Every structure is written in C-alpha cells, then in structure tokens.
Amino acid sequence: VKNVMSNKLAFGCGVFSFLLLVSIILFGSSFKVLEPLEVGLDYNKNWFNVDQTRLYGPGRYLIGLGHGFLRFPVNHQVIRFQGEEMSDDADGSLIKVRSSDGLQVSVSCSFTYVLPRTAADLYRLYMEFQDEHRKFIAAIARDEIRNAAAEFQASQFYTNRRDIATAMAEILNTTMFTRWSVHIDSFQLLNFDLPETYLAAIEATEVWKQAFEEAYHEQSLLNHRIETEEQSNVKRGQREIILRRTSGEVSLIEQMGIADALEYQITALANSTAITKELMFDHLRQVPVQLANGTTVMQWEQYDRKDLLAFLWVQSIRTHSHPRVVVDTEIPDALVV
C-alpha cells in the first residue's frame, strides 16, 4: 500500500510540475514586446483578425495566447534609387524617365517617409500591402517620379533642377498622403544622366548664352556711361551758363552799385567842397592880397564859386579808382560849351 501511495504521489508531483511548467511557458508567451522605435496592432492568430481600436506603443504587453503584434516603424524611413542595379544600400536602380520632348533621362534620387500614427490608417496600410509596405511604397514612388519628370523638357534638368525636384516631391507626397496617409518628409534629386551628345549641345548653348549676356551687359554699361557723360556735359554746360549769367548779373549789379556810390560820393564831395569853399570865401574876404603891381584886391574877386566847383568836379573824375564806369552826374555849367 505504501508503494502504491508513493507511486501516486510521485505521479501527481510530476503532473503538477509539468502543468506548472506549461503554464509558465504559456503565460510567458502571452507577453509581447515592442521596441522603442516601433508601434503595433494586436493580431489575433486564433481568429485571424486585427484589433483596429488600439495602437500599442513601445513596451511589454500581456495580450494573450495566440496574439502577436503587427509592427510598424515610427522613425523616418529612407528609400534610395541609385546605381545601375539594386544593392544592399538601395531600394532600386536608377529610374529611367522620359522627358516631355521624348529624351530618356536616368534619375538618381532618395526620399524619406513617415508612416501614419493611427490604428485605422496602419490597419488600412497593412490590409493593402501586408508586411511589404516598404517595397510597394518604393514601386509607387518610381511611377510618380516618372510622371513628374514627363512634365519637363530634358534641358530643364540642366537649368531648372530645383523646380524638377520640387515637382517630384509634391506629386509623391500628394499621392502617398491622400491614399495611405504616408507623409514624405524630404526628397533629394541626387543626380541625373543625359545622353552625352545632348549634354554637349546644352553646354554649348549655355556657353553661348553666357557670352550673349556678357556682351549685353557690356553694351548696357557702355550706354549707361554715354548717357552719364551726356548728362554730365549738359549739366556742365548749364552750370557754365548759369555761372556766366550770374557773374554778369553780379558784375552789372556791382557796376551799378559803384556808379550810384560814385555819384553820391561826387555829389557829397561837391557839396562839402562847396560849403568849405564858401567858408573859405568868407575867410578870404577878410584877408586882403597884394598883387605884383602893388594893387590890393580880395581873393574872391579872382575866382568865383562856379569856377571852383568845376575844378573840383574834374578833379573827382580824374582821381576815381573805376575809370570805366560812366556816371550820370550833372556837368557844371562852367564846362558846358
């Protein structure tokens, strides 16, 4: 009986240990972990459905047995098209595009994109592309880049590179965001290859355009210089005319002023001299003068007043410092013939 009891106890302990181990394994399997740069949707493998109501962020979650996460990156994803063939660091080879004038151009480019951040948008993206959304985004981008390049001529790849890159980024972002809420964060047109003969023709045309612009610029400078010199000559001539006119007016004013001043000066001198002579006459009347023949006469009897005033008028004209000025003064009666 003891042996039977011991065997049952050993069997029971073994079963319990087995169940405990299985329970631990199953419980541990119910936890799922999302990395720091991941978000996920709960995928029920038992019923093959996806929980569209909750988006899980980075961390450890108890979501149950038979459940897992549909994982999506939250950081910026880079897609490159470069090289003749696909490589480990590129998602595709060079994109062969056709310009609006029918020339084939090989385009090398890259862009970054960010996946949507809502459970509904990620679920829609998963239902359309499954786990290969990166591959399909690259394929769609290749088609949209071809469509954008078809709006430009081949020469514009050489002259308007920035406009072409902007057009490619806009059409790519519009398509991705409208259909799947994928945001194109940046786009770079890395390089492009044109046929060598066409590139040589473009370079020759650009050289000719530069030479034409230089010649046009030199012609503009020459025309501006000529206009400036003509304006300077006109202004110089006007300035000389104004200076001469001003100098003549000033000279006329000076001469008129001198004439008026001289007239006033002579008149004043004559008046003052006349007054002085009158006083002198009065004085000479009181002093007799004896002549050589012994006759005694008065001084005023030898020279009268008009003779003295005429003498002073002539003396003032002769001693004046501006002999070229004609003064309109009254001539003494003694000098009038």
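The values are calculated or read from the model by the stated rules, or taken from the named source; none is laboratory data. Predicted model, so just to flag it, every value in this text is computed and none were measured. Positions of Cβ are backbone-derived with ideal geometry, glycine not excepted, and every protein chain shown enters the neighbour counts. We work out accessible area using only protein heavy atoms, side chains counted, and drop any ligands, DNA or RNA first. Shrake-Rupley method; radii C 1.70, N 1.55, O 1.52, S 1.80 Å.
Computed quantities for the displayed model
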quantity	calculated
Among (1) open to solvent by 40 Å² or more (accessible area, probe 1.4 Å); (2) over 34 Å from the mean Cα position of the chain (by Cα); (3) in contact (Cβ under 8 Å) with a residue 60 or more places away in the chain, the one test that Phe136 misses	(3)
Ile241 vs. criteria out of contact with any Asp or Glu (no Cβ under 7 Å at 6 or more places or on another chain), surrounded by 11 or more Cβ atoms within 10 Å (Cβ to Cβ) and at pLDDT below 75	no
Matching residues, segment 44-60, being open to solvent by 50 Å² or more (accessible area, probe 1.4 Å), touching a strand residue (DSSP E or B) at 6+ places or on another chain (Cβ under 7 Å) and part of a strand (DSSP E or B)	Arg60
Qualifying residue in segment 103-116 (condition: in contact with a helix residue (DSSP H, G or I) (Cβ under 9 Å, 6 or more places away or on another chain) and open to solvent by 60 Å² or more (accessible area, probe 1.4 Å))	no
Any hit, segment 212-224, residues being under 30 Å from the mean Cα position of the chain (by Cα) and under 30 Å from Ala149 (Cβ atoms)	yes
Among (1) surrounded by 15 or more Cβ atoms within 10 Å (Cβ to Cβ); (2) among the charged types (D, E, K, R); (3) in contact with a Lys or Arg (Cβ under 8 Å, 6 or more places away or on another chain) - the single one Arg98 does not satisfy	(1)
